[in-house]
Amino acid sequence: MYKNKILVAIPVFNETDVHDIIRRVNKYHLDVLVIDDGSTNGLHKELTNLGNIHVITHPRNLGYGKTILDAFAFAIKNGYDYLLTIDSDGQHEPEEISLFLKEIPFYDCDILSGSRYYFPARPDNEFPQERYLINKEITGIINRITGFNVTDTFCGFKAYKVEKLKLIPLTEYGYGMPLQLWIQAWKLGLRVREIPVKLIYKDLLKQFKGTLKNPVTRLNYYKNIIEREITDTLHYDTAIQKTRKITIF
């Protein structure tokens with residue numbers, strides 16, 4: 001059906017909606033990879049019994065970033081042309097995969113990133129203000145350093161040229177992996193473009209686990225990743241200042 005070999009990767013950790021997500025993704029007749037990040041609710045057995053998907057299972061929870069790195073490695077190893085990533089918690093509509101497929105093959109970018117904030121939020125949109133403010137601050141920092149002019153640094157709904165993924169040395173296992181990705185893409189001169197996707201938060205009370213539950217700790221964690229990634233650039237001093245320019249909390 002498609003001239004290019006395309007993989008859809010779905011990171012999972014105890015999400016109960018994943019079966020519905022997989023069913024809806026399968027309508028596109030693409031290869032599907034589910035990365036189970038150490039689920040404790042018996043999800044691994046259910047996934048392996050489905051039979052029509054590829055499954056990678058972590059013996060314990062290793063982090064969101066690790067699931068995406070595994071998806072990158074799988075796509076590279078198996079000769080895919082494009083990789084799409086979509087979250088399994090219901091925040092992304094599988095039907096919007098069509099928006100990315102319409103762009104493939106893309107010639108004007110290497111990473112096609114979904115943005116929930118591409119357009120101003122409507123009055124009826126509900127989203128956690130704390131997460132929005134952190135996203136806005138970190139997005140501003142990334143833009144000042146890279147010039148990408150993105151509007152949503154944390155959206156996991158993306159499409160990548162797999163040949164470009166071979167060039168990116170990613171090591172961050174946690175939620176801050178996208179920030180390492182942006183900085184590395186900038187260093188390599190990769191091209192980035194955004195397309196709008198729906199802004200959906202099904203659970204406004206959902207929180208991060210452990211120390212990242214604290215917004216100040218989380219913001220500092222994100223900034224530390226950016227600082228670490230730019231330490232070997234020629235514009236280190238300027239870039240460091242840009243990570244510290246704005247403080248919301």
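The values are calculated or read from the model by the stated rules, or taken from the named source; none is laboratory data. Model, not experiment: these values are computed from the prediction. Glycine also receives a Cβ, built like all others from the backbone with ideal geometry; neighbour counts cover every protein chain displayed. For the accessible areas, the whole protein counts, side chains as well, though only heavy atoms, and no ligand, DNA or RNA atoms are used. Shrake-Rupley method; radii C 1.70, N 1.55, O 1.52, S 1.80 Å.
Condition test on residue 2, is it open to solvent by 40 Å² or more (accessible area, probe 1.4 Å), closer than 22 Å to residue 182 by Cα and in a loop (DSSP other than H, G, I, E, B)? No. Yes or no: the stretch 83-98 includes at least one residue that is more than 27 Å from residue 169 (Cβ to Cβ), of a type outside the set (Asp, Glu) and either more than 18 Å from the chain's Cα centre (by Cα) or loosely packed, with under 14 Cβ neighbours inside 10 Å (or both). Yes, the stretch 83-98 has at least one match. Residues in the stretch 11-44 that are of a type in the set (A, V, I, L, M, F, W, C) and within 20 Å of residue 103 (Cβ to Cβ): 25, 30, 32. Give the residue that is farthest from residue 3 (Cα to Cα), with candidates limited to residues of the stretch 58-79 that are in contact with a strand residue (DSSP E or B) (Cβ under 7 Å, 6 or more places away or on another chain) and open to solvent by 20 Å² or more (accessible area, probe 1.4 Å). Among those residues, the one meeting the criterion is 64. Against the numbered list (1) in contact with a helix residue (DSSP H, G or I) (Cβ under 6 Å, 6 or more places away or on another chain); (2) β-branched (Val, Ile, Thr); (3) farther than 22 Å from residue 155 by Cβ, residue 48 comes up short only at (1). Evaluation of residue 39 against the conditions (1) within 24 Å of residue 180 (Cβ to Cβ); (2) among the small types (Gly, Ala, Ser); (3) in contact with a strand residue (DSSP E or B) (Cβ under 8 Å, 6 or more places away or on another chain) shows that the sole unmet condition is (1). Check whether at least one residue in the stretch 164-186 is open to solvent by less than 20 Å² (accessible area, probe 1.4 Å) and of a type in the set (D, E, K, R), and report yes or no. No: zero hits. Considering each residue of the stretch 33-50 in turn, at least one proves to be touching a Phe, Trp or Tyr at 6+ places or on another chain (Cβ under 9 Å) and at pLDDT 95 or above. If only residues of the stretch 10-32 that are among the acidic types (Asp, Glu) and assigned to a loop (DSSP other than H, G, I, E, B) are counted, the one that is modelled with the highest pLDDT is 15.
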